[in-house]
1. What accessible area, in Å² to the nearest ten, does a 1.4 Å probe give for Arg158?
2. Rounded to the nearest percent, how much of the accessible area of the stretch 73-180 (1.4 Å probe, protein heavy atoms only) is carbon and sulfur?
3. What pairs from Lys148/Lys232; Lys148/Lys249; Lys84/Lys249 go past 28 Å between their alpha carbons?
4. Using the heavy atoms of the protein chains and a 1.4 angstrom probe, tell me the accessible area per residue for the stretch 199-240 in square angstrom.
5. Please give the FRET efficiency for Ala43 paired with Lys86, using the beta carbon to beta carbon distance and R0 = 35 Å, rounded to the nearest 0.05.
6. Cut-off under 13 Å on the C-alpha distance; same-chain residues fewer than 8 positions from Lys98 excluded. Which aspartates and glutamates are left, in chain and number order?
Amino acid sequence: MFRSRPGRTRAVTTALFAAASLMLTLGACGVDPLTPQEARGEAGTDDKADDGARRVDCAKVTCIALTFDAGPGEDTPHLLDVLKEKQVPATFFLLGSKHVDRYPDVVRRIADEGHEVANHTWSHRILTDLDESEVRDELSRTQDAIEKITGRKPTLMRPPQGRTDGTVSDVSRELGLAQVLWSITAKDYSTTDSALIRQRVLENAHRDGIILLHDIYDGTVPAVPSIIDELKRRGFTFVTVPELLAPGKAEPGEVYRPDRD
């Protein structure tokens, strides 16, 4: 049974509850997801980084992307300490209402420490239940709030519960946002048991995988150090989502989801 800390939004918890167990039907919605391998293949052989950032060739090394949804929260600074100590980059899909607007210094720190700052909507409404103008509002408000803090608008977004369709894709394309799903989850919304969270991630870890965790739940951040240590021991290299796709780039409107092993 989920136990929220005082001040955490129960509505967000309810909306997130079924996220990772959702059976995605993207094909039925007219949305074809691309894998990281396909994104890299479409880029050809040009492996020069455009911005001088570190280059990891995920075609040659065993990459995995660590991502966190629905923060920042009160545990995020400690998580950032862990990531800094372990020298691991991550991708943070941030929620606007009561998160980005409540923790601007944490958002700034995420960006300053080299992590990828991404969009997880303003209030975690299910985008496929909304009309076009409502989808635009959910995404653009968070874009603007993050840009005000970091000076840069995100280029990635994750739709709540992974639900997307043609309208969501069209609005995402208009706003310069690629959609990023996942292939590994610990269902950390349903347990405070850090050992179980660790076990679930490690049992499902695979090359080019995208791990979905939430830095707003009590059991998650304590599980991260041992997850990192074990995956490094197995030979995984941690990358951000853009690094996972490189030398390809996340194209606005497209949906990216790794194949499951």
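1. Estimated to the nearest 10 Å², Arg158 gives 0 Å².
2. 40
3. Values: Lys148/Lys232 35 Å; Lys148/Lys249 24 Å; Lys84/Lys249 25 Å.
Among Lys148/Lys232; Lys148/Lys249; Lys84/Lys249, the Cα-Cα distance tops 28 Å for Lys148/Lys232.
4. Using a 1.4 Å probe on heavy atoms only, each residue of the stretch 199-240 averages 32 Å².
5. On the way: r = 29 Å, r/R0 = 0.82.
Given R0 = 35 Å and the Cβ-Cβ separation, E is 0.75.
6. Glu74
The values are calculated or read from the model by the stated rules, or taken from the named source; none is laboratory data. What you see is a predicted model, and the numbers here were worked out from it, not measured in a lab. Cβ sites come from the backbone with ideal geometry, for glycine too, and all protein chains shown count toward neighbours. These accessible areas exclude ligands, DNA and RNA; they are computed on the full protein's heavy atoms, side chains included. Shrake-Rupley method; radii C 1.70, N 1.55, O 1.52, S 1.80 Å.
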